[in-house]
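The values are calculated or read from the model by the stated rules, or taken from the named source; none is laboratory data. What you are looking at is a predicted structure, and each value in this text was computed from that prediction instead of being measured. Side chains are part of the model used for accessible areas, which takes the heavy atoms of the whole protein and leaves out ligands, DNA and RNA. Shrake-Rupley method; radii C 1.70, N 1.55, O 1.52, S 1.80 Å.
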Amino acid sequence: MARRQKNIDLLKNIVAWLISLVVILPAVVILINSFKTRAESYTLTLQLPKSFEISNYTTVIEKGKLGISFINSMIYATISSALIIILTCTAAFIMSRNQIKLNKFLYFFIILGIAMPVNYITLLKVMQILHLINTRFGMILLYTAFNIPISLFISYGFVKTIPKEIDEAAIIDGCPPIKLYTKIILPLLTPVISTLFALNFMSCWNDFILPLYYLNSSEKWPMTLAVYNFFGMFMTEWNLVCADIVLTSLPVLVVYILGQKYIVNGITAGAVKG
C-alpha cells in the first residue's frame, strides 16, 4: 500500500513538472534570446549566445522610451492598488460588523461586478463627458473601479474571520470606532492587504485593453502599450523584443515573489466566509 502511494506521489510530481515546463520554457527562451545578437535570435532557441549582449537592454530603454512608460505603469498600478486597499478594507469592516439590510445590499451589488460584462462604448462616453479621456487620473479611477468587486469579496471574507470579541473588548475599554479600526483591526489585515496589493498591482501592470482604448498620447502609455509599439517597430529584431519583454515582466515578478506567501492565505481566508 505504501509503495503504491509512493508511486502515485511520484506520478503527480512528474505531471506537475511537465505542466510547469509549459510555463517556464517560454520564459527561459525569452530570457536567453534577450542576450543574443540579431542574427542569433532569429530561431528563438534555448542555445546560449556566444557572447551576452547587455547592450540590448540599453537600446530598448532608449529607443522604446521605457523610462516614461515605467513611471506611468508604476503610477497607475501603485496608486490604484493603494486606493483599492483603503476603500475595500474599510468597507469590508463596516459591512461585516453592521449587517443591516442596506449594507448587505451594497455588498452583493458591488461584488456583482465580478461577473458583469463591461460595455466599453458606454464607458468611453462617460469618460468623455467627465473629461477623463487620455488622463492619468482617469486611468487610475478605471483600474480602481474595475478591481474593487473582487477585492471587496476577498477582504470581506477575511474580516469576518476576525472575532467580534476583539471589537467588544476595545469598545468596553473606551476605544472610539476610528481608533478601533486603525489601531486594532488594520494591523490584523496585513495578510489580506499584501494579497490585494500583489493581485491588483499585477492586474494593473499587465492590462492592455484599457490604456489602448482610453489613452491617445504615447507620453501616458504604460509598459504594455510601449511593448506593443516597440514590437511593431522592431518586429524583426527578436533580441530587442525579448529584452523589452523581460524588462516589462520584472516588476510584476518582484511583487509576486515578495507577496506570494500572503496570496494563498489571503485568498483562502477571503473565500471561506465571503
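Which whole-percent values make up P(r) of the range 94-159 when all C-alpha to C-alpha distances are grouped in 10 Å steps starting at zero?
Histogram of Cα-Cα distances, whole percents per bin: 18, 41, 28, 13, 0.
For a 27 Å ceiling on Cα separation, which of these pairs sit above it: LYS125/LYS220; LYS12/LYS50; LYS101/LYS160; LYS50/LYS220? Don't skip to the end; give the middle numbers.
Details: LYS125/LYS220 20 Å; LYS12/LYS50 38 Å; LYS101/LYS160 17 Å; LYS50/LYS220 38 Å.
In this structure, LYS12/LYS50; LYS50/LYS220 exceed 27 Å between Cα atoms.
Which value at 222 nm does the chain reach when only helices count, each DSSP H run of 4 or more adding -39,500 (n - 2.57), with the total divided by all residues and rounded to the nearest 500 deg cm²/dmol?
It lands at -24500 deg cm²/dmol.
Given a 1.4 angstrom probe, I'd like the percentage of the accessible area of the range 116-178 that is carbon and sulfur, rounded to a whole number.
Solvent-exposed carbon and sulfur of the range 116-178 make up 72 percent of the total.
Over the chain, with a Gaussian network built from C-alpha contacts below 10 Å, which listed residue (ILE129, ILE140, ILE79) shows the highest mean-square fluctuation?
In the Gaussian network model the winner is ILE129.
Let me have the relative contact order for the range 35-164, percent, based on Cα pairs under 8 Å that are six or more residues apart.
33
What percent do you get for the relative contact order of the chain when only Cα pairs under 8 Å and 6+ apart count?
Computed value for the chain: 32 percent relative contact order.
For the range 32-72, take every pair of Cα atoms, bin their distances at 5 Å starting from 0, and report each bin as a whole percent.
Whole-percent P(r) values from 0 Å outward: 5, 24, 24, 17, 14, 11, 4, 0.
How large, in percent, is the carbon and sulfur part of the accessible surface of the range 1-108 at a probe radius of 1.4 Å?
73
Over the chain, give the accessible area per residue in Å² for a 1.4 Å probe, as an integer.
59
Taking every pair of distinct Cα atoms and averaging 1/r, then inverting, what Kirkwood hydrodynamic radius in Å comes out for the range 166-218?
14.2
Please work out how much length the chain gains when fully extended from MET74 to GLN99, using 0.36 nm per residue of separation minus the C-alpha to C-alpha distance, in nm with one decimal.
Taking 0.36 nm per residue and subtracting the Cα distance, the gain is 5.3 nm.
Express in nm, to one decimal, how much length is gained between LEU130 and PHE208 on full extension, taking 0.36 nm for each residue of separation and deducting their alpha carbon distance.
That works out to 25.9 nm of additional length.
Run through every distinct alpha carbon pair of the chain and return the Kirkwood hydrodynamic radius in angstroms, one decimal place.
21.7
Quick one: among PRO149, PRO163, PRO211, which has the greatest mean-square fluctuation in a GNM of the chain with alpha-carbon springs under 10 angstrom?
PRO163
Most fluctuating residue of THR248, THR161, THR224 in a GNM of the chain with Cα springs under 10 Å: which is it?
Between THR248, THR161, THR224, it is THR161 that shows the largest mean-square fluctuation.
Distance between Cα centroids, the range 74-121 to the range 32-59: provide it in whole Å.
45
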